[in-house]
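As structure tokens, the structure follows; a few thoughts come after it.
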Amino acid sequence: MDSLQIDTGEIRLAINGDANRVIVLRPNDAVFAEKFYKMLGEFQSKFTEYQGRAAKIESQNETDENGVPLNTGERIALLKEICQYTRNQIDELLGAGTSQTVFGDALDIEAIIRLFEGVRPYMQKARAEKVARYTNKTHQKRK
């Protein structure tokens, strides 16, 4: 039987070179691209909101007798909230369990930012190529 190969443009990225920890991007899928860029925008808005809340918390610089800020619990709670929110968004986009695959049990905002920074060029390149195929004058002449 003949077989038809369909390249959907899927991009598979191993986390830290581990073939057992892979995320899948589907930049040619318009719905995926829409969700991805929407998530980035929402993350930026949330991050700005969180920065404001963090600044308010950090402006209270009272410490205990050991020099530990009295609001340490608030600081940690805010960081956990940011990370859990973002992990949920990542799982919604890339599939349940993706955050666990990428980050393990860690709630690390820097790792989350590195994920976005690492994935963004793949999405931008793929989307630019996709758009160019439909806006390129040479392509339009072939029609």
> more than 30 Å from Leu25 (Cβ to Cβ), over 26 Å from the mean Cα position of the chain (by Cα), open to solvent by less than 70 Å² (accessible area, probe 1.4 Å) and acidic (Asp, Glu) - does that describe any residue in segment 65-80?
Replying inline: no
> Given the structure, is Glu42 open to solvent by 60 Å² or more (accessible area, probe 1.4 Å), closer than 30 Å to Ala126 by Cβ and assigned to a helix (DSSP H, G or I)?
Replying inline: yes
> Has segment 30-39 got at least one residue that is assigned to a helix (DSSP H, G or I), touching a helix residue (DSSP H, G or I) at 6+ places or on another chain (Cβ under 7 Å), in contact (Cβ under 8 Å) with a residue 12 or more places away in the chain and within 19 Å of Asp108 (Cα to Cα)?
Replying inline: yes
>> Suppose we filter Gln5, Gln51 for residues that are out of contact with any helix residue (DSSP H, G or I) (no Cβ under 9 Å at 6 or more places or on another chain), open to solvent by 90 Å² or more (accessible area, probe 1.4 Å) and assigned to a helix (DSSP H, G or I); which single one remains?
In response: Gln51
> Only one of (1) open to solvent by 60 Å² or more (accessible area, probe 1.4 Å); (2) more than 13 Å from the chain's Cα centre (by Cα); (3) under 30 Å from Leu13 (Cα atoms); (4) of a type outside the set (Asp, Glu) fails for Gly104. Which number is that?
Replying inline: (1)
> Are any residues in segment 8-39 closer than 19 Å to Arg114 by Cβ, of a type outside the set (Asp, Glu) and exposed (fewer than 10 other Cβ atoms within 10 Å of the Cβ), and if so, which ones?
Replying inline: Arg12, Asn16, Gly17
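The values are calculated or read from the model by the stated rules, or taken from the named source; none is laboratory data. Note that the coordinates shown come from a computational prediction; the quantities given were computed from them, not determined experimentally. With ideal geometry, Cβ positions are generated from the backbone for all residues, glycine too; neighbour counts draw on all protein chains shown. Side chains are part of the model used for accessible areas, which takes the heavy atoms of the whole protein and leaves out ligands, DNA and RNA. Shrake-Rupley method; radii C 1.70, N 1.55, O 1.52, S 1.80 Å.
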